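To keep things clear, I will list the structure first and then write my remarks on it.
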Amino acid sequence: MAQATDMPRNETGIDTALGILKQQFGERFQTGDAIREQHGHTTTWIRNQAPDAVVFARSTDDVAAVVKVCAAHKVPVIAFGTGTSLEGHVNAPAG
């Protein structure tokens, strides 16, 4: 079985997007290790590749705002539902 690999990261874009999202979402923007690890966790053999941050969206407008900022800075967005991934789709190999 192939191992999960990290992908190239857009550090400048990630840093910029995180700063903007922090200003927009305040307390609903989280970068703590436990929250990030929880949202990068899968129920499979793939190792945890935690996201750089988690935004707790309350509406479709919130989701649209996150996607707009991330798209503008070429930063990946990973949707998180109930956290029952068997395929590793919530892993963040590129940040």
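The values are calculated or read from the model by the stated rules, or taken from the named source; none is laboratory data. Keep in mind the model is a prediction, meaning the values are calculated, not measured. Don't worry about glycine lacking a Cβ; one is built from the backbone with ideal geometry, like all the others, and counts go over all protein chains shown.
Of the residues making up region 9-60, just one is over 18 Å from residue 79 (Cα atoms) and among the aromatic types (Phe, Trp, Tyr), namely 45.
Remark: pairs (first residue in region 13-30, free of Cβ contacts under 8 Å to residues at least 60 places away in the same chain; second residue in a helix (DSSP H, G or I); Cβ separation under 7 Å; 6+ apart in sequence or on different chains) = 17/69; 17/70; 20/69; 21/66; 21/69; 24/65; 29/21; 29/22. Scanning region 1-57 for residues that are of a type in the set (A, V, I, L, M), more than 14 Å from residue 80 (Cα to Cα) and either in contact with a Leu (Cβ under 8 Å, 6 or more places away or on another chain) or modelled with pLDDT under 95 (or both) yields 1, 2, 4, 7, 14, 34, 46.
Among the residues of region 10-37, those that are in a helix (DSSP H, G or I) and small (Gly, Ala, Ser) comprise 13, 17, 19, 26, 34. In this structure, residue 57 qualifies as over 22 Å from residue 9 (Cα atoms) and surrounded by 13 or more Cβ atoms within 10 Å (Cβ to Cβ). When region 23-40 is limited to residues that are surrounded by 15 or more Cβ atoms within 10 Å (Cβ to Cβ) and either of a type in the set (Lys, Arg) or under 21 Å from residue 68 (Cβ atoms) (or both), the one that is farthest from the chain's Cα centre (by Cα) turns out to be 25.
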